[in-house]
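Colleague: Quick one: this structure, given as structure tokens, is what I'll be asking you about.
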Amino acid sequence: MSQEYSFHQPVMLAEVLSFLPKKKKITYLDMTLGRAGHASAILEKLSIGSTFYGVDRDCEALSYSKKRLEVYEKNISLNYLHSTFSDAIPKLKKQGVNGVDFLLMDIGVSSPQFDDPKRGFSYRFDAPLDMRMNQQDSLTAKEIINTYSKEELIRVFRDLGECKDYYHVVEKILTVRQEKEISTTFELVDLIKENVSYQTLKKEGHPAKQFFLGLRYEVNGEIAQLKKGLQEAISFLNSKGRLVIITFNSEEDKIVKDLFKSVTSSAHKDKYKTKDVEDYTLLTKKPLLPTQQEIEENHRAKPSILRALERN
Ligand SMILES: C[S@@+](CC[C@H](N)C(=O)[O-])C[C@H]1O[C@@H](n2cnc3c(N)ncnc32)[C@H](O)[C@@H]1O
């Protein structure tokens, strides 16, 4: 494992901690363990006899975090699962875990994933086009770029990446790949820069940003993961159990907002008013955003959006 790219500054940590349940002997599930930035701060607050489950689809993240959290193993039962978060809860149920008191989802990519050039997530480094969060998965960004049909590439860039200038980029990919494989991030970045409009080139932010986001979403199935994982997470809360979720753009946040609304609105209550109705309370009427000070200290926190919910 590369220790060089191991640092991840947890975002909105104080806000996350403020949602911990009052009782401190709890079962805590971290669905996006990453480098255990949040998890180590949370475990620090829990009482002896608590139980922790850490999930990540990235093997490097899991092995790093297992080591980092060893210091808590005397007092807390530590358990790990290499899994996507959409599969994690069914797997935990099979192990006899029936619910949790605190569940954290801090979705997206961690700093070590972005900053390690060999992972191919960043348009800032020249690297093989990869972008897999789980290095054991088979679909890579390179395969998408070199084998997807025109319609599929349009879906990836226009629908997932919300790129305005997708058309000429897709046309160019189709032409170039007839001659030779497109294999590196910089080949793709150059191709994008040469085929987007002057306005896109002049806009704030890197012209390849949304293209890379669309590709990353496709490689890792991130939108489907979010929808299924969040649904599972909500129904896995014990009574008074709390779910905190941090997303990084308005598209992701809308999925959270709509799902939270659907389980807390009066329409939902009326429709399902039965004895064993599932009932939840929003803990954040409006989403929480990072403070100016946090953004100054960690620019990656800037787009983060936090919402929280409690099961009644
Ligand atoms: C933003 S980082 C979390 C950082 C962590 N909270 C910390 O403080 O170190 C997101 C992590 O979630 C993992 N991840 C993203 N989507 C996932 C999914 N669908 N299933 C499992 N893990 C996922 C990524 O591999 C990454 O390690």
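Colleague: Might you report the magnitude of the Cβ-based charge dipole of the chain about its Cα centre, with Lys and Arg at +1 and Asp and Glu at -1, to the nearest 20 debye? Walk me through the numbers before you get to the answer.
Modeller: On the way: 48 positive and 45 negative charges, 258 e Å.
Using only the charged Cβ atoms, the result is roughly 1240 debye.
Colleague: Per-residue accessible area for Asp87 at 1.4 Å probe radius, Å² rounded to 10?
Modeller: Using a 1.4 Å probe on the heavy atoms, I get roughly 70 Å².
Colleague: Further question: With every protein chain left in place, what is the accessible area per residue of the chain in square angstrom, probe 1.4 Å?
Modeller: About 49 Å² of surface per residue is accessible.
Colleague: Right, something else. Give me a comma-separated list of calculated 3J(HN,Hα) values for region 45-53, in order, Karplus coefficients 6.51, -1.76, 1.60 applied at θ = phi - 60°, integers in Hz, x for any Gly or Pro.
Modeller: Whole-Hz 3J(HN,Hα) from phi for region 45-53: 8, 8, 7, 3, x, 6, 10, 10, 10.
Colleague: With angles folded into 0 to 90 degrees, how steeply does helix 59-69 sit against the dominant principal axis of the chain? Use alpha carbons for both and round to 10.
Modeller: Value to nearest ten degrees: 40.
Colleague: Right, here's the next one. Using only Cα atoms, tell me the angle between helix 166-179 and the longest principal axis of the chain; keep it within 0 to 90° and round to the nearest 10.
Modeller: Taking the Cα atoms of the chain, the angle to 166-179 is about 60 degrees.
Colleague: Follow-up question, since we're still on this one. Do any GluC sites (Glu not before Pro) in region 173-228 lie in a DSSP loop with no more than 14 other beta carbon atoms within 10 Å, and if so, which?
Modeller: Those satisfying the criteria are Glu181, Glu204.
Colleague: Under a point spin-label approximation (7 Å from Cα along Cα-to-Cβ), what is the Gln199-Lys66 distance to one decimal in nm?
Modeller: 5.2 nm
Colleague: Let me ask something else about it. Considering the dipole of the chain built from charges on the beta carbon (Lys and Arg +1, Asp and Glu -1) around the Cα centre, which of Tyr167, Ile26, Leu78 is farthest to its positive end?
Modeller: Ile26
Colleague: Here's another thing I want to ask about it. Using 23 Å as the Cα-Cα cut-off, could you pick out the over-long pairs in Lys164/Lys227; Lys254/Lys285; Lys24/Lys74; Lys240/Lys261; Lys142/Lys202; Lys172/Lys209?
Modeller: Beyond 23 Å: Lys164/Lys227; Lys142/Lys202.
Colleague: Here's another thing I want to ask about it. For Cys163, Cys59, give me the order by solvent-accessible area with a 1.4 Å probe, most accessible first, ignoring ligands, DNA and RNA.
Modeller: Putting Cys163, Cys59 in descending order of accessible area: Cys59, Cys163.
Colleague: Okay, next question. In terms of solvent-accessible area of protein heavy atoms at a 1.4 angstrom probe, what is the ranking of His168, His82, highest value first? List each step's numbers first, then the result.
Modeller: Numbers: His168 120, His82 70 Å².
Largest accessible area first, the list is His168, His82.
Colleague: Probe radius 1.4 Å, ligands and nucleic acids left out: which of Glu143, Glu296 has the largest accessible area, and how do the rest follow? Working shown, then result.
Modeller: Numbers: Glu143 85, Glu296 135 Å².
Final ranking, largest accessible area leading: Glu296, Glu143.
Colleague: When the helix-only estimate is applied to the chain (DSSP H runs of n ≥ 4, each -39,500 (n - 2.57), divided by the residue count), what is the mean residue ellipticity at 222 nm, nearest 500 deg cm²/dmol?
Modeller: The helix contribution divided over the chain gives -12500 deg cm²/dmol.
Colleague: Give me the percent of the accessible area of the chain that comes from carbon and sulfur atoms, probe 1.4 Å, all protein chains in place.
Modeller: 50 percent
Colleague: So for the chain, averaging the separation of alpha carbon pairs under 8 Å that are six or more residues apart and normalising by length, what relative contact order in percent results? Kindly include the intermediate steps, with their values, before the conclusion.
Modeller: Numbers: 504 pairs, mean separation 57.3, N = 312.
Taking the mean separation of contacting Cα pairs over the length of the chain, I get 18 percent.
Colleague: Rounded if a/c is under 1.5, else prolate if a/b is larger than b/c, else oblate: which is region 117-220, with a ≥ b ≥ c the root eigenvalues of its Cα gyration tensor?
Modeller: Since a/c stays below 1.5, the shape of region 117-220 is classed as rounded.
Colleague: What does the charge dipole of region 1-111 about its Cα centre add up to, to the nearest 20 debye, if the Cβ of each Lys and Arg holds +1 and the Cβ of each Asp and Glu holds -1?
Modeller: 500 debye
Colleague: Follow-up question, since we're still on this one. Mind checking which of Ile234, Leu139, Thr264 is farthest towards the positive end of region 126-279's charge dipole, using Cβ charges of +1 (Lys, Arg) and -1 (Asp, Glu) about the Cα centre?
Modeller: Thr264
Colleague: Using Cα atoms only, what is the angle between the long axis of helix 85-94 and the major principal axis of the chain, expressed in degrees (0 to 90) to the nearest 10?
Modeller: The angle comes out at about 40 degrees.
Colleague: Placing one identical point scatterer on every Cα of the chain and ignoring solvent, what is log10 I(q)/I(0) from the Debye formula at q = 0.09 Å⁻¹?
Modeller: Scattering profile of the chain, log10 relative to I(0): -0.49.
Colleague: Apply 1/(1 + (r/R0)^6) to the Cβ-Cβ distance of Asp159 and Ser239, taking R0 = 45 Å, and write down the FRET efficiency to the nearest 0.05.
Modeller: On the way: r = 39 Å, r/R0 = 0.86.
The computed FRET efficiency comes out at 0.70.
Colleague: Something else now. For region 117-220, with only Lys/Arg (+1) and Asp/Glu (-1) charged at the beta-carbon, what is the dipole magnitude about the Cα centre, in debye rounded to 20?
Modeller: 280 debye
Colleague: So what does Thr175 come to for accessible area, using a 1.4 Å probe and Å² rounded to 10?
Modeller: So the heavy atoms of Thr175 present about 80 Å² to solvent.
Colleague: Take the alpha-carbon centre of region 14-85, take the same for region 280-312, and report the distance between them in whole Å.
Modeller: Taking the Cα centre of region 280-312 as reference, the centre of region 14-85 is 19 Å away.
The values are calculated or read from the model by the stated rules, or taken from the named source; none is laboratory data. Because the structure is a prediction, the values reported are computed rather than measured. Don't worry about glycine lacking a Cβ; one is built from the backbone with ideal geometry, like all the others, and counts go over all protein chains shown. Surface areas here come from the heavy atoms of the whole protein model, side chains and all, with no ligands, DNA or RNA. Shrake-Rupley method; radii C 1.70, N 1.55, O 1.52, S 1.80 Å.
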